Amino acid sequence: MSLKREDTDDSDVQYMYEVEGKTQQEIADYYGVCQACIWKRLHPERMKEINDKSKEARRIYCISKKGKKAIKETKRRYHQTEKGKECIKRNNQSDKGKERMKRYLQTDKGKENSSKCNSKRRGLESISLNKPFPGSEFHHIDKEHGIHIPKELHRSIYHNVWTGEGMEDINAIAFGYITEETFDKLEVGDI
C-alpha cells in the first residue's frame with residue numbers, strides 16, 4: 001500500500017493516530033488519500049486475515065460448479081474481443097507457439113498427456129497396468145484399463161473396444177506383456 005507521499009511510512013501514521021490522537025479521516029485528509037488507505041496502514045494483521053479469507057473464498061468459488069461456469073463464460077467472452085483474438089493468435093498460432101507445442105508433444109510428458117487427452121475424448125479411462133517403453137502403444141483391454149505393448153503388435157490385429165471385434169485375440173497377446181506382480185495387484189484391487 002502506498003500513500004501519495006513517498007516519505008511517509010506506517011510508523012508515522014501509527015504515531016499520528018495513537019500519540020497525537022488524530023482520527024483516521026483527519027490523517028487521510030492530511031495525506032490526501034482515502035480513509036481506507038489509513039485503516040489498512042493501522043491494521044496490517046487484520047488486512048492479512050481478510051486477504052487470507054478472500055483467497056480461500058475465491059478458491060472455493062472457483063472449484064464450485066457455478067464458479068467454473070462463470071470462469072468459462074468470462075474466458076469465452078474475452079476470446080471474442082479483439083485483444084483476446086490477438087492473444088490466442090500470438091500464443092497458439094504464431095511460429096514460436098507452434099514450435100513450442102511441437103517440442104512439447106515430442107517429450108515423454110507431452111506424449112503421455114496427448115494420449116490421455118485422446119482417450120478422454122473417446123470416453124475411455126487411462127489406467128495403465130504396466131510402464132510405457134520406447135516403441136510402445138497403449139492398448140485398452142477394456143474401457144478403463146490398458147497395457148503398453150509394441151506398436152507393430154498392437155497394429156497387427158484389427159480390434160475395436162466398442163464392438164468387441166478382435167478384442168479376445170489382441171488381449172491374449174497383450175496379457176503376455178504383464179508380469180505376475182501386476183496380476184497380483186489387479187486381484188487385490190490396488191489398480
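The values are calculated or read from the model by the stated rules, or taken from the named source; none is laboratory data. All figures in this text were calculated on a predicted structure; none of them were measured in a lab. As a convention, Cβ positions derive from the backbone with ideal geometry for all residues, glycine included, and neighbour counts pool all protein chains shown.
Among the residues of segment 137-173, those that are under 21 Å from residue 123 (Cα atoms) and among the small types (Gly, Ala, Ser) comprise 146, 164, 166.
Residues in segment 14-24 that are free of Cβ contacts under 8 Å to residues at least 12 places away in the same chain and loosely packed, with under 15 Cβ neighbours inside 10 Å: 15, 18, 19, 20, 21, 23.
Given the condition modelled with pLDDT under 85, touching a Cys at 6+ places or on another chain (Cβ under 8 Å) and surrounded by 13 or more Cβ atoms within 10 Å (Cβ to Cβ), answer yes or no: does some residue in segment 2-13 qualify? Looking for residues that are modelled with pLDDT under 85, touching a Cys at 6+ places or on another chain (Cβ under 8 Å) and surrounded by 13 or more Cβ atoms within 10 Å (Cβ to Cβ), one finds at least one in segment 2-13, hence yes. Scanning segment 115-140 for residues that are among the small types (Gly, Ala, Ser) and surrounded by 13 or more Cβ atoms within 10 Å (Cβ to Cβ) yields 115, 119, 126, 128, 136.
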